[in-house]
Amino acid sequence: MALGNAYIAISNDVWAIYHNVSGLAELSDYQLSVSYTPARFGIIELSEVTFAGGVPFSWGVLGFSAHRFGFELYREYTGTVAYSSFIDQFNYGIAVNYHNVSIENYGSAGTLSFDVGFLINLLEDLRYGIAFHNINSATIGRSRVKLPQVFLTGVSYFAGSGMTLSMDYQKELKMPSSFNFGIEYCVMELISLRVGMVSEPSIFTGGLGLNYQFIKFDYAFSHHSILGLTHQATVSFRWNKTE
């Protein structure tokens, strides 16, 4: 969020599972992370909780996540299992998502969707990413409501001195396209300062990250010109196999 969602070509932790699943191949340690959005746009009924994890093996990385959105009258649940690996400078990955929507007094319905992603190290400091969400055009419920189909592509550039620049292009089917921009500046690998922007709709973002040994805390906010502020907090843990 803090980077304006310009994360397709960065994707180097467990949250790659929601952006560019091929980024899971970057994991060399075990990772667990929990993210909480208490009230999107200040509306408590639009709260979100997400859990994600990654386990590296010699033959690739397995990722898993669970997401909950809504309140007691309307809830959305998503569970994901993902796999990612690499060949030379080329990462690839696939994710299988189970979506469930539950509406009080109306019941619930579920469906499966598939995501794929690719990540290429063009140069030592330049990466290109591309991802497709819901490639099987999944629908849900008796009315056959189609889940969002999204194409995303982007580049990231590690400019040195702790600076990373990123830019994404996002196109959801039957919706306006959007350009996302993000800048991250790391201070001695302990503090990360982030700002970003989304073009459609117009949103400005920012936040910071704090790293201490095996634990990491991230805070982000986004500001919509009409709907207002949204805050998000994430706590992550990382440890290697010997630990």
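The values are calculated or read from the model by the stated rules, or taken from the named source; none is laboratory data. All of these numbers come straight from a predicted model, not from anything done at the bench. For neighbour counting, all protein chains shown are included, and Cβ atoms are generated from backbone atoms with ideal geometry for every residue, glycine included. Ligands, DNA and RNA are stripped out before the accessible areas are found, and what is left, the full protein with its side chains, is counted by its heavy atoms. Shrake-Rupley method; radii C 1.70, N 1.55, O 1.52, S 1.80 Å.
Tabulated data for the structure shown
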{"item": "Globularity ratio of the stretch 133-202, using Cα Rg and 2.2 N^0.38 Å", "result": "1.52"}
{"item": "Partner aspartates and glutamates for LYS216 [C-alpha distance under 19 Å; skip if fewer than 8 residues away on the same chain]", "result": "ASP13, GLU26, ASP29, GLU184, GLU189, GLU243"}
{"item": "Two-decimal Rg/Rh across the chain, once Rg and the Kirkwood Rh are taken from alpha-carbon atoms", "result": "0.95"}
{"item": "Reachable aspartates and glutamates, given that their alpha-carbon falls under 16 Å from the alpha-carbon of LYS171 and they are not under 8 places away in the same chain", "result": "ASP115, GLU200"}
{"item": "Share of carbon and sulfur in the accessible heavy-atom surface of the stretch 90-134 [1.4 Å probe, %]", "result": "62"}
{"item": "Extension gain, ILE226 back to SER47 (0.36 nm per residue minus Cα-Cα distance, nm)", "result": "62.6 nm"}
{"item": "Segment GLU72-ASP29, length gained on full extension (0.36 nm per residue, minus Cα span)", "result": "11.8 nm"}
{"item": "Most mobile of ASN121, ASN105, ASN20 in a GNM of the chain (Cα contacts under 10 Å)", "result": "ASN105"}
{"item": "The stretch 103-233 - accessible surface per residue (Å², probe 1.4 Å)", "result": "60"}
{"item": "Where labels lie 7 Å past Cα in the beta-carbon direction, separation of VAL187 and ILE215 in nm", "result": "2.1"}
